[in-house]
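*Asks:* Here it is, the structure, as structure tokens.
The values are calculated or read from the model by the stated rules, or taken from the named source; none is laboratory data. Just so it is clear, the model here is predicted, and its values are computed rather than measured. Backbone-built Cβ (ideal geometry, glycine too); neighbour counts: all protein chains shown. Just the protein is used for accessible areas: all its heavy atoms, side chains included, with ligands, DNA and RNA removed. Shrake-Rupley method; radii C 1.70, N 1.55, O 1.52, S 1.80 Å.
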Amino acid sequence: MHVTQSIHHVTTSTQPVGEHNKLHADILAFIAIHPKPEGAPEQWVICKLFDAFGSATWWLTEYDAEDKIGFGYVTGLQFDEWGTVSIDELAELHAGLSGLSGSAPRIEVDLYFLPRTKEEAVAAYYQRTNEGVQAPEERFDGDIAPLAEPGVLSLSAFVASFGSGLLDAVRRQNPPVYSGVPNGLREAVMDALTRAPFPAQREVVQAVCALLFDENDPAAIINGEMGCGKTMMALAAAAVAHAEGYQRSLVICPPHLVYKWRREIKQTVPNARVWVLNGPDTLKKLLTLRQMRAAPLHPEFFVMGRVRMRMGYHWKPAFNIKRILVQAQDGDTTIPEGSKVAVCPSCHTWITDGDESPLTPTLAECHLAKERRFCPQCQGALWTLTRPQASAQTRDDMVLSAMQQLPTIGAKTARRLLDAFGANMLGDMLEDNVYEFINLMDEDGDLFFSDRQATRMERAMANSEFSFGQGGYQPTEYIKRYLPQGYFGLLIVDEGHEYKNEGSAQGQAFGVLARKCSKTLLLTGTLMGGYADDLFYLLWRLNPKAMMEDGFGYSRRGSLGPASMGFLRAHGVIKDIYKSKSDDETRSHRTARGRQTVHRAAKGPGFGPNGIMRYVVPISAFLKLKQIGGNVLPPYEEHFEGVRMAPEQSDWYQKLEGALKQALERRPAGRGS
């Protein structure tokens, strides 16, 4: 029976990621703690090195500290053999972005190794990793021995063998910033809230505040199950932030939760002022904020819907048109007499394409519309801001048109709504809070829309931006350009996992807002979707400094693509897929025989423990609903009430039942049930 070996290594070295590899210092420190006993045999292993990303293991019996040369026995390579090894060369081996400082070191010192003879150490190693598969003492009689027979270490055996050591390593490498002793001033702030947090929620708030304000980290994550009160904990943290000197909090959330946040803030934080940046007056409010430089006496919250987090504004290409009166020659290009070319409006230099050929006005319009460009001669802008054309429609027509953007509302339904409630009332609802529009009631107190209609409308508006009287200038762009750095002390990001995509406008805007705010608190229940690169851009936007220190920075071309792939290789799973076909299958007309092999790489699910310990655990607080305790939710009971069908409804059901029976009876036998 063939058994495949899977050797698991435990990373226990204290070498920090992103700094120079201290392998030599770790070896000296280990030898100093575990000196070679008197009378020990010649083949006494004084230190064990292992490849954290491979199967190689070095059992050093001698070490020259001056030349940094080790002598000993190596296993896990092509042959198990005795020899020398350069520690400088081992220290240069890194995983991830090879050659860049900050990538993860591959070779580390096993701090939990107990020095012993080579025979005992290697035999114990193989016995632990190949339970019952081989007799290790028979394998190391000569200087060169074949590789060990494959084996499998079960997860339960791995945890049983290394569980306590892993926990000790976690505590040593990531000492908790909050030890369970609450800060009295922060407890007093939470006591003053209108709705007091539960004890487990207080612990989470104390932990993230200790990380943000005591440790001065730029970001923290609250990862909690649905229903554990992430909104409540975020508001408590914002109240503490105000007491710490961070007066204003900016909240970004899904659009259908904007007014829920407003309601929760009003019900939780005493004397709080809430600004909703989600209507046509958003830019007007931001202009007012620019003049408000004094520190507020009470906490201020600014709530923005996620769909408004876009960077940009309306613009169009700008150029002048020049008529050629005399035939001109531009390099290899001949411009005939009477033709028109596009020129820079500032210096009148011809606008050209990538081949330096002058562009006609039509081609220039298409070429410049791709992105905002500047004249290479005078650096003048080849674009200009534009205001959307003012509508000549009446308010009634505008309201009718806006209502028909909503699902389930057609022209007839929109007209009935307009006749029943009037343009002013409906327009005010659409401008301020479109979700009040869904709950419209008629003069008898009955809901205008059915439950099915309301559900469809809510689902559609949760993922799209409804525009009625909206301006074209994005609020995020204004905050980036005109509000001072640190104007908002705390950025609260609801459903933070939604901003993980690389190229989404909302994700990029989130990164800008995180840089403009002093601190960031991200709320989520599902931090990652199973792949390592799910976290890369989210972590980069939360704390770019740490990611760049680890070597995951921009390339020379200003792209994060190589860094993302390096992060995936260092902490995720890459599947190398090879497809091989013979010439008989691909090119049957050839006489020579051969095989064609195609290779491609694809990402696989998984995120390594090194990445979790490096990037997730140090900035995250986790909470489950059961940790809050029992009896915290109101009682829930279900009662079944049977409703007898109306006679007409019963007749139709009986007709449907009869039609189905006839269809089944006519179905040929032997074609399934």
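*Asks:* Taking only segment 169-195 into account, find how many residues are touching a Ser or Thr at 6+ places or on another chain (Cβ under 9 Å) and open to solvent by 40 Å² or more (accessible area, probe 1.4 Å).
*Replies:* Result for segment 169-195: 4.
*Asks:* So in segment 490-528, with the set limited to residues that are within 18 Å of Trp261 (Cα to Cα) and of a type in the set (Gly, Ala, Ser), which one is most open to solvent (accessible area, probe 1.4 Å)?
*Replies:* Here the answer is Gly525.
*Asks:* Could you pull out every one of the helices (runs of 4 or more DSSP H) wholly within segment 524-632 that has 3 or more residues that are of a type outside the set (Ser, Thr, Tyr) and at pLDDT 80 or above?
*Replies:* Qualifying helices (runs of 4 or more DSSP H): 533-542, 544-549, 561-571, 625-628.
*Asks:* Quick check, is Tyr125 among the hydroxyl-bearing types (Ser, Thr, Tyr), modelled with pLDDT of 75 or more, in a helix (DSSP H, G or I) and surrounded by 15 or more Cβ atoms within 10 Å (Cβ to Cβ)?
*Replies:* So Tyr125 passes the test.
*Asks:* Give segment 480-521 a look and list any residue that's of a type in the set (A, V, I, L, M) and in contact with a strand residue (DSSP E or B) (Cβ under 8 Å, 6 or more places away or on another chain), or say none.
*Replies:* Leu490, Leu491, Ile492, Val493, Leu513, Ala514, Leu521
*Asks:* Could you check how many residues of segment 30-48 are part of a loop (DSSP other than H, G, I, E, B) and closer than 18 Å to Thr84 by Cα?
*Replies:* 3
*Asks:* Among the residues of segment 28-77, count how many are at positive phi and open to solvent by 60 Å² or more (accessible area, probe 1.4 Å).
*Replies:* Selection size over segment 28-77: 2.
*Asks:* Moving on. Which residues, taken from segment 91-112, are in contact with a helix residue (DSSP H, G or I) (Cβ under 6 Å, 6 or more places away or on another chain) and at pLDDT below 90?
*Replies:* Passing the criteria: Ala91, Ala95, Gly96, Leu97, Gly102, Ala104, Ile107, Tyr112.
*Asks:* Still on this structure: Can you tell me which residues in segment 272-288 are open to solvent by less than 60 Å² (accessible area, probe 1.4 Å) and over 27 Å from Thr194 (Cα atoms)?
*Replies:* Gly279, Pro280, Thr282, Lys285, Leu286, listed by residue number.
*Asks:* Quick check, is Thr231 more than 24 Å from Ile612 (Cα to Cα), over 28 Å from the mean Cα position of the chain (by Cα) and of a type in the set (Ser, Thr, Tyr)?
*Replies:* When the stated conditions are applied, Thr231 does not pass them.
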